[in-house]
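Just so it is clear, none of the values below were taken in a lab; they were calculated from the coordinates. This structure is a prediction, so every number in the text was calculated from the model and none was measured. Virtual Cβ from ideal backbone geometry, glycine too; neighbours counted across all protein chains shown.
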Amino acid sequence: MRRLEEVLKSGKFAVTAECGPPKGADPEAILKKAELLKDKVDAINVTDNQTAIVRMSSMAACALLKQNGFDPVLQMVVRDRNRIALQSDVLGAAALGIENILCLSGDHQSFGNQPQAVGVFDLDSIQFVQVVREMRDNEVILGGDALSKPPKVFIGAAANPFGDPLGFRVVRLAKKVAAGADFIQTQCIYNLERFKKWMEMARERNLTEKVYILGGVTPLKSAKMAKYMKYKVAGMDIPDAVLARLEGVPSKKQAEEGIKMCVETIQGLKEIPGVSGVHIMAIEWEAKVAEIVERAGLGPRPTKGK
């Protein structure tokens, strides 16, 4: 059993983190980032050309992590692949020993460094979850052709509790659960009260009995970063109080305040019924993950089989 699934099924509070592959072919770049997370997290997500910027493939980076003893989570976006390529890559990932797949839509290509690229979106993210579930559980691809060996993968999806209307965000979560998601990783949480309402609605529909939910957190480095995310990043909910708190300390101390707020959010998440873990997205700040995990009382991580 893969490490992430083992921790979640044991009832322990899981910890995952995110690694962005390099904008080049150097394998050491991803391995150096991963070393910062060693024994601090249960699994490492590898982003798939995040923000539509060309990087080393998530598949290759995950294979490197697997070879070096990490439990990677392969992020796959439907933006760049049709249904043939998606299913082929799922089989390829399983053959390489990659056992966790996070099925995503992907940031629109207009945001990245290849705005002229043609978006594929042959399947949406919910359909993709369902396809992977069919491949794993029923051993068939789309159309019904049998597989010689199914991919035994732990299936993940993303959720954003902060879009409007709130009720629709829960409906969308329910659709991903029905499609076959085993675990959910959410958008960055800064508005904990809104997240609590979303979780309450999820519990009312018994969704937390059917899927593991990991709350997403991103430490803010500065008030400038908070403003950018608040006003420029779609689907982000940063309350005015969060921005005011950062602006209320000297610029040299804003990063420390951001980490402190991140730790407080994690501690809040641990108290919410139905939250099974945390997903730390320290954007190009992996060196701080160990500190966040320690200060939040989440370390050391349990070893495999214990």
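Here the residues Asp124, Asp182, ranked from fewest to most Cβ neighbours within 10 Å of their Cβ, fall in the order Asp124, Asp182. Contact order, relative form, for the range 3-295: 19 percent (alpha carbon pairs under 8 Å, 6 or more residues apart, mean separation divided by residue count). In order along the range 286-294, phi translates into HN-Hα couplings of 4, 4, 8, 4, 4, 5, 4, 4, 5 Hz, rounded to whole numbers, per the Karplus curve 6.51 cos²θ - 1.76 cosθ + 1.60 with θ = phi - 60° and x for Gly and Pro.
Between rounded, prolate and oblate, where does the range 144-251 land on the alpha carbon gyration tensor, with a ≥ b ≥ c its root eigenvalues, rounded for a/c under 1.5, else prolate if a/b exceeds b/c? Prolate, since a/c reaches 1.5 and a/b exceeds b/c. What the phi angles of the range 124-134 give under the Karplus curve with 6.51, -1.76 and 1.60, with θ = phi - 60°, is a coupling list of 8, 5, 5, 4, 5, 4, 5, 5, 5, 4, 5 Hz, glycine and proline written as x. Annotation: the chain has a Kirkwood hydrodynamic radius of 19.7 angstrom, from the mean reciprocal C-alpha pair distance.
Taking a sphere under 14 Å around the Cβ of Lys252 and counting the other residues whose Cβ falls inside, with K and R at +1 and D and E at -1, yields a net charge of 0. Going from the residue with the fewest nearby Cβ atoms within 10 Å to the one with the most, Leu166, Leu298, Leu214 rank Leu166, Leu298, Leu214. The ranking of Cys188, Cys103 by Cβ neighbour count inside 10 Å, starting from the fewest, reads Cys188, Cys103.
Close amide H contacts of Asp80 (hydrogens built in the peptide plane, cut-off under 5 Å, sequence separation of 5 or more or a different chain): Val120, Phe121.
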